[in-house]
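Asks: Dropping the structure in here first, questions after.
The values are calculated or read from the model by the stated rules, or taken from the named source; none is laboratory data. Remember, it's a predicted structure, so these values are computed and weren't measured experimentally. So basically every Cβ, Gly included, is an ideal-geometry build from the backbone, and we count neighbours across all protein chains shown. To get the accessible areas, we keep the full protein, side chains included, count just its heavy atoms, and leave off ligands, DNA and RNA. Shrake-Rupley method; radii C 1.70, N 1.55, O 1.52, S 1.80 Å.
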Amino acid sequence: EERNLKVSAKMSDLQAPLVRPKRKKTWVDYFVKFRWIIVIFVVLPISATLYFLIYLGDIWSESKSYEKRRKEHDQNVMKVIKRLKERNAAKDGLVCTARKPWIAVGMRNVDYKRARHFEVDLGEFRNILEINKEKMIARVEPLVNMGQISRATVPMNLSLAVVAELDDLTVGGLINGYGIEGSSHIHGLFADTVEAYEIVLAGGELVRATKDNEYSDLYYAIPWSQGTLGLLVAAEIKLIPVKEYMRLTYIPVKGDLQTLAQGYMDSFAPKDGDKSKIPDFVEGMVYNATEGVMMVGTYASKEEAKKKGNKINNVGWWFKPWFYQHAQTALKKGQFVEYIPTREYYHRHTRCLYWEGKLILPFGDQFWFRFLFGWLMPPKVSLLKATQGEAIRNYYHDMHVIQDMLVPLYKVGDALEWVHREMEVYPIWLCPHKLYKTPIKQQIYPEPGFEYENRQGDTEDAQMYTDVGVYYAPGPVLRGEEFDGSEAVRKMEKWLIENHGFQPQYAVSELDEKSFWRMFDGDLYEHCRKKYRAVGTFMSVYYKSKKGRKTEKEVREAEQAHLETAYAEAD
């Protein structure tokens, strides 16, 4: 009874809204409100055209033999090496790719490209070079995206071990930055599934880094480095066998946020440690402070899916309800099971960009729009960024949240309560991932001594973490109240540092350099920066991640960086 009173008191505290004054609207508010006009008449048609042209490019690439693709790859690598050797360190800027700032899928605007820099064009590196069924390895170039690789592998009943949900996400971005999917509780983050990296170093040398060759330090340093150690030109990635369908179970959970967190943990991490109960895929969606739906999936054959009485749901059809809304129906009708074609399941969040589509097109989820125009979805994130302008960009930084909080599994309930209190953003995405204890400490690493705690989900070689995905307009903004987005992100970053969590750097960051290196471990990264002569050639990871335009002083200091430790000592 005493425990129930405490839970009730806690829920009462959670549900009490923070007192915030009303915010005076400006012209930007009205522009954002009616931005759907530009999206419908400009962004969507151009997006659809670009998607079609990209598809034709993929078909053209697939029509070439693997031998021809590899020959073109070798020629393009030589061009990159030649370009790097043309750089004059005394007068040319720091090296970065020639891709335009607005093309990146991440919401962090690429401010470093607005300062002086030396461009190297990697635009031709978009081919699948080999799919080796014997070694179960796919060798791909960095601009190969998830839609392209799944279209090539799934018909073979093969797949990358981790396939990020959105079609446009590229191999290079998922390796140098961050990538996760519902299978990460088994395989780890995207970079953990890479067997080898092919990197062009600052001096123009082409090297192949694996976990057990002479470049093993570079192998462990590449993830989260944001391309600041060298230029990735190819990667060998682990393949796994898959079946034609995903058998998906929708499990509704109701209660306070700690109860929802426990329901999420129990859905994929059996307390008895029985590995046979671990599903192939898992994700959770928290719709409000008292309701969530957990989804667990296992691969199923075509024969099983088509048995009498089984329901098949082709979620990839343009007129289908948006996936997060479809999953939400489990709160009313209870637990249910259905079969989804594997590739359609992989990309279930693409059409509505999780739930961001609801803000971009308020009526986009209505049946009439889905039926008539759903085939045009989604708008390309790069085009949304290209058409927003400085004022809209600043508005979204202050009035919108797109952040991922990587936290230890046992702290998910605390993270949900923090988000509710400080941001009030719903829905919230939950996706677990292993964080491995590696032979060489990487930028992100498990809590020291986790292996002795025997917590739910942990194994001897990895601590179970969860991505708490916070994407949407905060409750105060939707109610017309004041909200300081920058301050909220600063508080989030502080909470993450205190709780051994991590913030993927595709998002807007407010970290200063000292705090950045408290969140991340810089020993291996700085070692490789010096050893492979990246200092003074490639930007540092903090320089690239830092919010705001680079001053001339910052640019000059980065170009003339001394070979000395650039990060603060960990407290």
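Asks: Taking the dipole about the Cα centre of region 240-322, with the C-beta of Lys and Arg at +1 and of Asp and Glu at -1, give me whichever of F319, S267, V282 is farthest to the positive side.
Replies: Checked the options; the winner is F319.
Asks: May I ask you to evaluate 6.51 cos²θ - 1.76 cosθ + 1.60, the Karplus curve with θ = phi - 60°, for each residue of region 60-71 and list the ³J(HN,Hα) values in order in whole Hz, giving x for glycine and proline?
Replies: Per residue, the Karplus-derived 3J(HN,Hα) values read 4, 5, 5, 6, 7, 6, 4, 5, 5, 4, 5, 5 Hz.
Asks: Moving on to the next point. Under the classification rounded if a/c is under 1.5, otherwise prolate if a/b is larger than b/c and oblate if not, where does region 307-375 fall, given a ≥ b ≥ c as square roots of the Cα gyration tensor eigenvalues? If you can, show how the numbers build up before the last one.
Replies: Values: a/c = 1.92, a/b = 1.54, b/c = 1.24.
Taking the square roots of the gyration eigenvalues as a ≥ b ≥ c, region 307-375 is prolate.
Asks: Follow-up. For the chain, what is the convex hull volume of the alpha-carbon atoms per residue, in Å³? Intermediate results must be reported in sequence, preceding the final value.
Replies: Working: hull volume 95.3 nm³, N = 571.
Spelled out: Cα convex hull of the chain, divided by residues, is 167 Å³.
Asks: Here's something else I'd like to know. Report, largest value first, the span of the C-alpha coordinates of region 261-400 along each principal axis, in whole Å.
Replies: 53, 34, 27
Asks: Ignoring ligands, DNA and RNA, how do H187, H527 rank by accessible area with a 1.4 Å probe, largest first?
Replies: On the way: H187 35, H527 90 Å².
Result, largest first: H527, H187.
Asks: Divide, for region 134-237, the radius of gyration over alpha carbons by 2.2 N^0.38 Å, where N is the residue count.
Replies: Working: Rg = 13.2 Å, N = 104, 2.2 N^0.38 = 12.8 Å.
Region 134-237 yields a ratio of 1.02.
Asks: Here's something else I'd like to know. Accessible area per residue for the chain in Å², computed with a 1.4 Å probe and the full protein assembly in place, what is it? Can you show the working numbers first?
Replies: Working: 25050 Å² over 571 residues.
Result: 44 Å² per residue.
Asks: Mind checking region 117-200 for trypsin sites (Lys or Arg not before Pro) that DSSP puts in a loop (not H, G, I, E or B) and that have at most 14 other Cβ atoms within 10 Å? Don't jump to the answer; show the numbers that get you there.
Replies: Numbers: sites: R126, K133, K135, R139, R151; in loops: R126, K133, K135.
For trypsin sites (Lys or Arg not before Pro) across region 117-200 that sit outside H, G, I, E and B with at most 14 neighbouring Cβ atoms in 10 Å, the list reads K133, K135.
Asks: Let me cross-check I46: its accessible surface, 1.4 Å probe, with only protein heavy atoms counted, in Å² to the nearest 10?
Replies: In the full protein context, I46 sits at about 80 Å².
Asks: Using Cα-Cα distances under 8 Å and only pairs 6 or more residues apart, what relative contact order does the chain have, in percent? Working shown, then result.
Replies: Values: 1057 pairs, mean separation 101.4, N = 571.
That works out to 18 percent.
Asks: Next question, about the same structure. Amide H neighbours of S159 under 5 Å, at least 5 residues apart or on other chains, H built in the peptide plane: list them.
Replies: The list, which skips near neighbours in sequence, is I240, V242.
Asks: Could I ask something else about it? How much mean residue ellipticity at 222 nm does the chain get from its helices, if each DSSP H run of length 4 or more adds -39500 (n - 2.57) and you divide by all residues, to the nearest 500 deg cm²/dmol?
Replies: Numbers: 24 runs with 204 residues, N = 571.
About -10000 deg cm²/dmol.
Asks: I'd like the carbon and sulfur percentage of the solvent accessible area for the chain, probe radius 1.4 Å, heavy atoms only, ligands and nucleic acids excluded.
Replies: Values: 13460 of 25050 Å².
For the chain, the apolar C and S fraction of the accessible surface comes to 54 percent.
Asks: Keeping all protein chains in place and using 1.4 angstrom, which order do L416, L359, L122 fall into by accessible surface area, from largest down?
Replies: Numbers: L416 0, L359 60, L122 25 Å².
The ranking, largest first, comes out as L359, L122, L416.
Asks: Now for a different question. May I ask you to rank K271, K441, K33, K546 by accessible area, largest first, using a 1.4 Å probe over the protein chains only? Provide the component values of the computation, followed by the final result.
Replies: On the way: K271 155, K441 100, K33 130, K546 65 Å².
Reading off the accessible areas and sorting them downward yields K271, K33, K441, K546.
Asks: At 1.4 Å probe size, with no ligands or nucleic acids counted, give the accessible surface of R490 in Å², nearest ten.
Replies: Estimated to the nearest 10 Å², R490 gives 100 Å².
Asks: A follow-up question, please. Not counting ligands, DNA or RNA, and with a 1.4 Å probe, what is E67's accessible surface area in Å² rounded to the nearest 10?
Replies: Probe radius 1.4 Å; accessible area of E67 about 140 Å².
Asks: If R0 is 41 Å, what FRET efficiency do you get for Q325 and E62 from their C-beta distance, rounded to 0.05?
Replies: On the way: r = 34 Å, r/R0 = 0.83.
FRET efficiency, Q325 to E62: 0.75.
Asks: Under a straight-distance cross-link criterion of Cα-Cα below 20 Å, which lysines are reachable from K25, leaving out those fewer than 8 residues away in the same chain?
Replies: Excluding near neighbours in sequence, the set is K33.
Asks: Here's something else I'd like to know. Multiplying the sequence separation of K82 and E460 by 0.36 nm and subtracting their Cα-Cα distance, what value in nm do you get?
Replies: Values: separation 378, 0.36 × 378 = 136.08 nm, distance 4.56 nm.
Once the chain is fully extended between K82 and E460, it gains 131.5 nm.
Asks: Ok, one more. Just need the relative contact order of region 265-351 here, percent rounded to a whole number, with Cα pairs under 8 Å and 6+ apart. Walk me through the intermediate numbers first.
Replies: On the way: 89 pairs, mean separation 20.9, N = 87.
Result for region 265-351 is 24 percent.
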